[in-house]
Structure formats: structure tokens, C-alpha cells
Amino acid sequence: MKEENSIDLLVGCYTEENENSGLAFYKFNLVTGNAIFVNDYKINNPSYFTKNADGTIIYVVSEEEDKYESAVSAIKLDKSKGNFTLLNSVSTKGAAPCYISIDNENKYLVTANYLGGSISVFKLQENGKIEDLIQQIKFDEESIDQERQNQSHLHCVVYSPSYNHLFATDLGGDKIYKFDINKDTDDYLTPSENYLTEIEEGSGPRHLIFSENKFAYLISELSGEVKVFDFLNENLLEKQTVVSQYNDAEGSADIQIHPNGKYLYTSNRLEDDGLTIFKIDQNSGLLTSIGYQETALHPRNFVISPNGKYLLVASKDSHIIQVFEIDNTTGLLTNINSDIEIDLPVCIKFI
């Protein structure tokens, strides 16, 4: 199935409270901002996913609280017809995996296991299937918020732009870990020389992203703050902290940079649900808050279309994906009222 001016959109939804299939595939029109449903696939709690280089295989984590039920699955996607075919599933051996990254050679997968307080590493076969776990790194950290930080909670694993290092955020321990990549060994990840970046106690670091201009940005869930780093020689050097969520709701979630590199967006939940909009100084990478866009309830993951025209927000508790048009001259958002109705959406990506 091919539609002019369309791009493939994949949505992951929690399934424990409803009869959702889990994954839903759409064609999204880059001119109108409308989405057409194509097909779905039944899988439990696909809270996060990534893809191989050409988008023909999707790697999905099933976020289960029991580490023996938590799994990572390889699913072949026929984008022309919207058909899904399961290649295989393996255990993460870590409870509640919530993030997954693939290397640039389609050879390795890494998951962040939230309740397991661990990172799991898998090797990929040439056909895309996942081999059994080859390495697991467990953490035993805590911080001052004993309700939310009584143990390590790994929330994000992301490769550096060079793919020479992997960074992992520990919401429970208020730390970012840096690992060297050792290909074709069982010790794929080893601590780097500059292994540890400590974040203020009670912050709860959640998602880390890199810009093309040698900067990095961190959203912290509990403090509602964004940190700006210079990223020099693959090291994080902190230079600014700004507020994303002012009301101490402890619900900041996702962070994305506009394709033009001029704007950064963050999502905030639990109170005053919405998106904070920042302007990025092109020379220093420093942020200036320029607006706030209200959304429906519990805006978790969001994504920006490759052409920079639309921002789509998974508003989980309102059971919709909202579509906003981006003003490229100001970075501000306009709701075009082209909502995609779907139960408990938590992850959205263009494939």
C-alpha cells in the first residue's frame, strides 16, 4: 500500500487494561497531517521500539513487571501491505524494559530494564533474529526520593553519534553511565574512563539526546529540568539547567529536537499536561524557553515528522495521538484537530 505524500507511522500501546492489539500501523500524510489505519499486531505492552536501518524489522520491548515475562521481539514489517511477521522473542531477564537501541551495523540490541535496574545486550543474526542474552549489567543505586528512587531504574540507553559509546540514564540513582563499545566480544559494554556523570539528587534522569552541533540534552522526570551539555571528545560537560515543568508534578517524560536544529521540545505529565518549547542557540547550544503548548492527558512519547511540519503526541490517558502543526519560523505549535483515537498510546515513531 502506497499513498502519495505519506510516511509509515507505528504506534505502541499498553495492553493490560484493554483489548488493544499493542502495535498499530498507519500511513501518515505529510501534507494534510491525517493518518489512515492500515493494520495492527497483537503483542503485550510494547512500550518502546526501534528499527533496523531500512525499517523492515522492528525490535520491540514488552514492559512486564516479571523479568521472566519481559521480552524483546523481532518483528518483520511489510510496509507495502502493513503486515507483521514475528521472527522471534527472547527474554530480557530484566523486569519492565522501557527503552531499546540498535547499533549502526544492525548487529546489536541494548535494552534498559526499569524495574530490573539493569542493561541487557543481545546480538543479532543476519536475518534479523535476536540471539539469547550475551551480557547483562546490573546496578545497585538509590537516591533521596525513597518512593521513586529506592533502587536503580534504568530508563534510557542511547548510542553516541559515532556509535563508539553507549550512554545509560539511571532515574533511581541520579546518574548517567558511559560505556565503551567492544564489538565481537561477550563484554560488549565496558565502563569508559569517564564512566559517571552525577545529576543532582532527586532529579530522576530519564531521556538523553544528542544534537548535530556537539551538544547533548537530558530531561529529568522528577525535577522537571533539562540539562544542556557540551559533548566534547564523547564526554558530557554540563553547562546549563532550565525548567521544563514548574509545578513539581514529577512527570517530565520525553525530549526531541526539531529537524532544523533550532527548537527543542519536552513533554510534561500529571499536572498542567503539555509541551515546553525551547529555542536553541545555534552557537552555544543553550536553551531559552519560548512557549508552552497544552495537550490532552499524560503526554508521554512524542515524535516530529521528518519534514519538520508536524509534531505528534501520545496522550496516553486521553487515548489519543494529537497532531500539531509546527511554525518553522517560531517553533510554536497549532493543534490541527486530526487526533488518532487509540487506547493507551505510549510510543510513536515514523518508520
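Measuring between their Cα centroids, the stretch 152-177 and the stretch 250-290 lie 20 Å from each other. At an R0 of 30 angstrom, the distance between the Cβ atoms of Thr185 and Asp54 translates into a FRET efficiency of 0.65.
Between the alpha-carbon centres of the stretch 1-50 and the stretch 52-87 there is a gap of 13 Å. The slack between Glu212 and Gln125, meaning 0.36 nm per residue of separation minus the straight C-alpha distance, is 28.3 nm.
Sorting the segments 162-170, 215-223, 322-330, 182-190 by their mean number of nearby beta carbons within 10 angstrom, highest to lowest, gives 215-223, 162-170, 322-330, 182-190.
Sorted on the mean count of surrounding Cβ atoms within 10 Å across their residues, most packed first, peptides 288-294, 307-313 read 307-313, 288-294. Database remark: amide H of Thr190 closer than 5 angstrom to the amide H of Asp180, Asn182 (H placed geometrically; neighbours at sequence offset of 5 or more, or on other chains; Pro and chain starts carry no H). Applying the criteria of a DSSP loop state and at most 15 other Cβ atoms within 10 Å to the trypsin sites (Lys or Arg not before Pro) of the stretch 34-86 yields Lys81.
Seen from Ser62, the other residues with C-beta closer than 12 Å to its C-beta sum to a net charge of -4, counting Lys and Arg as +1 and Asp and Glu as -1. Of all DSSP-defined beta bridges confined to the stretch 1-103, some 100% are antiparallel rather than parallel. Per-residue extension of 0.36 nm, minus the Cα-Cα distance of Leu86 and Tyr246, leaves a gain of 53.3 nm for this segment.
Spin-label model, Ile351 to Asp66: label points 7 Å out along the Cα-to-beta-carbon direction sit 2.9 nm apart.
Which lysines, on any chain, are close to Lys262 with Cα under 23 Å apart, when same-chain ones fewer than 8 places away are left out? The qualifying lysines are Lys214, Lys227, Lys239, Lys279, Lys309, Lys349. Is any residue of the stretch 188-203 close enough, with backbone N under 13 Å, to a label point placed 7 angstrom from the Cα of Glu234 along the Cα-Cβ axis, and if so, which? Within reach of a label on Glu234: 189-195.
If R0 is taken as 56 Å, the Cβ-Cβ distance between Asn328 and Asp140 corresponds to a FRET efficiency of 0.75.
With a 10 Å radius around each residue's Cβ, average the other Cβ atoms per peptide and rank 256-265, 110-119, highest first.
110-119, 256-265
Distance between the 7 Å Cα→Cβ label points at Glu147 and Leu196: 2.8 nm.
Rule-based calculations on the coordinates, nothing more; no lab input. What you see is a predicted model, and the numbers here were worked out from it, not measured in a lab. All Cβ positions, even for glycine, are placed from backbone atoms using ideal geometry, and neighbour counts span all protein chains on display.
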